[in-house]
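The structure under discussion appears below in the form of structure tokens.
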Amino acid sequence: MIKPIVKDVLFLGEKSELATKDDMCVVNDLIDTLKANLDNCVGMAANMIGMKKRIIVFAVGSAIVPMINPVILKKEKAYLTEESCLSLTGVRETRRYETIQVEYYDKNFNKKKDEFTGFVAQIIQHEVDHCDGIII
Ligand SMILES: [Zn+2]
């Protein structure tokens, strides 16, 4: 189900809690809501639709990838860039890392560990920050 986007920075500043198998509906709502906003947005975290669970989704080409309880294990090669956010107005400078290693559960709750680089790595860092209550 497509949900409205939360823009309340106090709510967005709170940490999300670990997701469980009972939160699959949140995963599906997040996928639906990202699909509806793909013109303006390449990734979303669950608190952006009002659910304080550690779930993110992002677009890679035409696929939408969900990650449940993502943890960034390693970050390499810092750089400064500018980002925007569907929950905020304007563009802000932020520090990201070129290469990251992420541990997460996929939508079947299988544990995965993968390395990401470049733009996809940047989206994941932005969305994992949302889970920690950090906005750009
Ligand atoms: Zn954002």
**Asked** How about segment 8-21: which of its residues are touching a helix residue (DSSP H, G or I) at 6+ places or on another chain (Cβ under 9 Å), open to solvent by 40 Å² or more (accessible area, probe 1.4 Å) and touching a residue at least 60 places away in the same chain (Cβ under 8 Å)?
**Response** GLU14, LYS15
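Residues of segment 78-113 being within 23 Å of THR33 (Cα to Cα) and out of contact with any Lys or Arg (no Cβ under 7 Å at 6 or more places or on another chain), which ones?
The answer is SER84, CYS85, LEU86, LEU88, THR89, GLY90, VAL91, LYS107, ASN108.
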**Item:** Hits in segment 109-131 (condition: surrounded by 15 or more Cβ atoms within 10 Å (Cβ to Cβ) and either outside any strand (DSSP E or B) or within 11 Å of the ligand (Cβ to nearest atom) (or both))
**Value:** VAL120, ALA121, GLN122, ILE123, ILE124, GLN125, HIS126, GLU127, VAL128, ASP129, HIS130, CYS131
**Complete:** Here, strands (runs of 3 or more DSSP E) confined to segment 22-106 with at least 1 residues that are open to solvent by 20 Å² or more (accessible area, probe 1.4 Å) are 55-60, 63-83, 92-105
**Message:** What pairs come out if I take residues in segment 85-111 that are touching a residue at least 24 places away in the same chain (Cβ under 8 Å) and pair them with residues that are among the aromatic types (Phe, Trp, Tyr) whose C-beta lies under 6 Å away, six or more apart or interchain?
**Reply:** ILE100/PHE116
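The values are calculated or read from the model by the stated rules, or taken from the named source; none is laboratory data. Remember, predicted model here, so these are calculated numbers, not experimental data. As a convention, Cβ positions derive from the backbone with ideal geometry for all residues, glycine included, and neighbour counts pool all protein chains shown. Surface accessibility is based on the protein's heavy atoms, side chains included, excluding ligands, DNA and RNA. Shrake-Rupley method; radii C 1.70, N 1.55, O 1.52, S 1.80 Å.
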